[in-house]
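Below you'll find the structure, written out as structure tokens, and then a few comments.
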Amino acid sequence: MITNPKKKAPPCNHCGHPDLYWGFWYNQHAGKNVSRMYYDDGTLHDCLNIPSHRYVASGGEPGGPPEDQAMPAPDLEKIISYIAQTLEVYDQKIKEKVQEAQVALADKVVAAQLANEATLRADLTTLCADSAHKIAESVARTVVAELVPVQHEIVVKDYAGVIQQKIATRPHHKLDYLVRKLSIRRHCMLSGPAGSSKTTCAQMAAEILGLSYYERAMTGTLEDDIVGRLSPDGRFIPGFLYKPYKDGGLVCEDEVDSGEASALVCQNPAFANGHFTFPNGERVKRHPDFVAVLTANTWGRGGDQVYAGRNRLDGAFLDRFAKIAWDYDESAEFDWAGRDQVDWVKFVQRARKVAFDHKLHVVISPRASIMGAEDLRLGIDDVEGCKEAYIWLNMSKDDRAKIEANM
């Protein structure tokens, strides 16, 4: 419900609803008041779940963003004051800086025994105050940067000219590189950990390039599913590859390192040559806009301790693809989860780093950030419940204990 006097808001820039008002909502996870759009009866306007509608009110004055919805310049003095009162880390750093200042002035203390002690105390006070202000300003800028949504744009040159397209959501930092490869119809293989947005980015690349998108999970897929087969009465039943190869489009073969060898190797001529003969005897010329993306958790050398159910892939098959290492994008992870849940995302990333540093064979992917943030936002679960659901129950008790002990 609205917790401050109503102030008329401009129409929602997402759904266009005209009768909205600004009101404060206290976000217990972020520990601050967040200005949200409400209906006239005091109920929350749901469109505000998207990042472009979020606005953090500084100080305690009611109100919303200006008419053009742009984020105002931060009032650093108010933010510094807020941090000085609420952040424990600020107090700790102040104590550290005082200690550093005392050490730095140790020689002055000895030399000032015959001088005016008041001058020495003023010198120490000034030095400590300057250090404290610099720390507070640094922390304040970090806080503001975490809350400001970012506009993104992909600009790629291809055979047809220049492609320039705005991205509605935060893209993976390697998306533009993938688009450049695909724009010259270079087949690509993306290999990276689970939940690193490989398949999502393949679909985004198809949209940016204006290509039809075809996706197939390769687990359990057989050769007939790919190239097609003849029915008992002689009719040709096309497989997954037939239409995009003939008419153009981007095909994504997902989790290719869990696919059957015959289903992959049978495609070698299609990827390497300018034509392919399908089981009905039809010799099809490869469409100029046909291009393929493979996604995998390994490089096709077989399973490991994390991805045990992965197969060795044929070298001739892999030789037809440009390889792109697809790691986690932890900066974009904040936008994917929603910047109103920064504390939760930071916890997930700390747990991931500890697991990596200690060489633990566990998966803590951005999916944990995204799903946990949604649960917290909707009030479905609390922080401890999200830790259990998306992190701790995915690993052994020993691995959990090691991560908790080192966070």
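The values are calculated or read from the model by the stated rules, or taken from the named source; none is laboratory data. Nothing here was measured: the structure is a model prediction, and the numbers come from that model. Note that we place each Cβ from the backbone using ideal geometry, even for glycine, and neighbour counts take in every protein chain shown.
Between a residue in segment 231-253 that is more than 20 Å from Val293 (Cβ to Cβ) and any residue that is small (Gly, Ala, Ser), which pairs come within a Cβ distance under 7 Å, given they are 6 or more apart or on different chains?
Within 7 Å, the pairs are Phe236/Gly228; Ile237/Gly228; Ile237/Ser231; Pro238/Gly228.
Kindly indicate whether any position in segment 250-257 is within 30 Å of Ile403 (Cα to Cα) and in the same structural domain as Ser212 (by TED's automatic domain parsing).
For segment 250-257, residues within 30 Å of Ile403 (Cα to Cα) and in the same structural domain as Ser212 (by TED's automatic domain parsing): present.
Scan Trp344, Trp336 and give me the residue that is closer than 23 Å to Glu255 by Cα, assigned by TED's automatic domain parsing to the domain that holds Lys387 and either of a type outside the set (A, V, I, L, M) or outside any helix (DSSP H, G or I) (or both).
Trp336
Residue check: is Phe356 more than 25 Å from Leu182 (Cβ to Cβ), within 15 Å of the chain's Cα centre (by Cα), not in a loop (DSSP other than H, G, I, E, B) and not assigned by TED's automatic domain parsing to the domain that holds Asn268?
No.
Based on this model, can you work out whether Ala296 counts as closer than 18 Å to Gly228 by Cα, of a type in the set (Gly, Ala, Ser), crowded, with 17+ Cβ neighbours inside 10 Å and within 26 Å of the chain's Cα centre (by Cα)?
no
Restricting to segment 178-196, what's the tally of residues that are closer than 30 Å to Ile364 by Cα, of a type outside the set (A, V, I, L, M, F, W, C) and outside any strand (DSSP E or B)?
Here the count works out to 7.
Taking Ala325 as the residue in question, decide whether it is hydrophobic (A, V, I, L, M, F, W, C), within 22 Å of the chain's Cα centre (by Cα) and surrounded by fewer than 16 Cβ atoms within 10 Å (Cβ to Cβ).
Spelling it out, Ala325 is indeed hydrophobic (A, V, I, L, M, F, W, C), within 22 Å of the chain's Cα centre (by Cα) and surrounded by fewer than 16 Cβ atoms within 10 Å (Cβ to Cβ).
So how many residues does segment 303-326 have that are part of a loop (DSSP other than H, G, I, E, B) and over 17 Å from Ala194 (Cβ atoms)?
Total satisfying the criteria: 5.
Return the residues of segment 184-210 that are touching a Leu at 6+ places or on another chain (Cβ under 6 Å) and either surrounded by fewer than 20 Cβ atoms within 10 Å (Cβ to Cβ) or of a type in the set (Gly, Ala, Ser) (or both); say none if nothing qualifies.
Residues satisfying the conditions are Ala205, Ala206.
For segment 237-291: of the residues being in a helix (DSSP H, G or I), at pLDDT 95 or above and aromatic (Phe, Trp, Tyr), which is farthest from Ser191 (Cα to Cα)?
The selected residue is Tyr242.
Tell me whether segment 219-240 contains one or more residues that are in contact with a His (Cβ under 6 Å, 6 or more places away or on another chain), on the phi < 0 side of the Ramachandran plot and of a type in the set (A, V, I, L, M, F, W, C).
no
Kindly provide the set of residues from segment 170-191 that are under 19 Å from the mean Cα position of the chain (by Cα), at pLDDT below 95 and of a type outside the set (A, V, I, L, M), ordered by number.
Arg170, Pro171, His172, His173, Lys174, Asp176, Tyr177
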